[in-house]
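These notes concern the structure reproduced below.
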């Protein structure tokens with residue numbers, strides 16, 4: 001969805017003059033189309049989150065006719081990859097390794113993505129307990145990708161993520177999605193799957209990629225149909 005300067009000003013509760021100043025400074029992602037500036041909704045959401053700028057709730061709403069098709073969690077992990085032995089002794093170093101390992105389109109700004117993830121961790125830990133974290137931002141990560149993907153990373157050394165149960169994190173599921181709806185669907189399916197003893201066990205013992213996907217497909221057999 002391409003937004004105009006006026007629409008962006010309203011969404012960010014600032015003046016149009018401020019938006020033009022940010023464009024001139026190169027601090028806000030913008031495109032020049034037919035002598036006018038346009039803004040991609042997903043990029044604007046990422047940028048505002050990284051800059052800790054409040055946004056109108058309407059920025060999170062899906063366009064009319066957005067697809068309700070649900071992507072399988074196993075398909076999302078196949079797309080994002082399973083990565084082993086990510087190194088680092090703190091959250092930021094680990095997240096930097098995760099971002100570099102992610103399968104992303106060439107045009108994605110990995111530096112911005114890392115800053116977004118680090119900023120989210122500064123607000124509140126994404127550690128969900130039992131050594132698992134799900135790095136994402138308060139406003140979901142949405143990028144120019146055709147389908148959701150999840151990069152599953154196992155750490156060389158467990159790192160303190162400030163999880164409520166006090167356990168250090170050894171496994172991270174990092175989500176990116178083309179829409180907010182898809183992001184929330186992935187979070188929901190991941191939460192459901194992690195309640196399954198078989199899937200949780202293969203994660204805890206750091207199973208192979210094939211073992212992990214096989215367990216996921218078994219769990220998904222009992223879920224709402226996905227693709």
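Bear in mind that the values in this text are calculations on the coordinates, not laboratory data. On a predicted model such as this, the values are computed, not experimentally measured, just so you know. No Cβ is skipped: glycine too gets one built from the backbone with ideal geometry, and neighbour counts run over all protein chains shown.
For residue 89 and residue 24, calculate 0.36 nm times their separation in residues minus their Cα-Cα distance, and state this gained length in nm to one decimal. Don't skip to the end; give the middle numbers.
Numbers: separation 65, 0.36 × 65 = 23.40 nm, distance 3.88 nm.
Length gained, residue 89 through residue 24: 19.5 nm.
I need the per residue convex hull volume for the stretch 80-213, using only the alpha carbons, in cubic angstrom as a whole number. The partial results should precede the final answer.
Values: hull volume 13.3 nm³, N = 134.
Once divided by residue count, the hull of the stretch 80-213 is 99 Å³.
Obtain the nm distance between the two label points defined at residue 51 and residue 167 by a simple spin-label model: each point lies 7 Å from its Cα along the Cα-to-C-beta direction.
Spacing of the two 7 Å Cα→Cβ label points: 4.0 nm.
How much mean residue ellipticity at 222 nm does the chain get from its helices, if each DSSP H run of length 4 or more adds -39500 (n - 2.57) and you divide by all residues, to the nearest 500 deg cm²/dmol?
Numbers: 9 runs with 95 residues, N = 227.
After summing the helix terms and dividing by residue count, I get -12500 deg cm²/dmol.
For residue 130 and residue 223, FRET efficiency with R0 = 25 Å and r from the beta-carbon atoms, rounded to 0.05?
On the way: r = 21 Å, r/R0 = 0.85.
That gives a FRET efficiency of 0.70.
Using only the C-alpha atoms of the chain, find the volume of their convex hull and express it per residue in Å³. Intermediate results must be reported in sequence, preceding the final value.
Values: hull volume 28.4 nm³, N = 227.
So the per-residue Cα hull volume is 125 Å³.
Ordered by packing density, taken as the mean number of other Cβ atoms within 10 Å over each peptide's residues, highest first, how do 9-18, 108-117 rank? Intermediate values should be presented prior to the final figure.
Numbers: 9-18: 14.9, 108-117: 18.0.
The most tightly packed comes first, giving 108-117, 9-18.
For the pair residue 191/residue 13, report the inter-label distance in nm, with labels modelled 7 Å from Cα in the Cβ direction.
2.6
So how far, in whole Å, is the C-alpha centre of the stretch 66-126 from the one of the stretch 195-227?
With the stretch 66-126 and the stretch 195-227 each reduced to a Cα centre, they are spaced 20 Å.
Measure nothing fancy, just the Cα-based angle from helix 91-101's long axis to the longest principal axis of the chain, in degrees from 0 to 90, nearest 10.
Roughly 90 degrees between the two axes.
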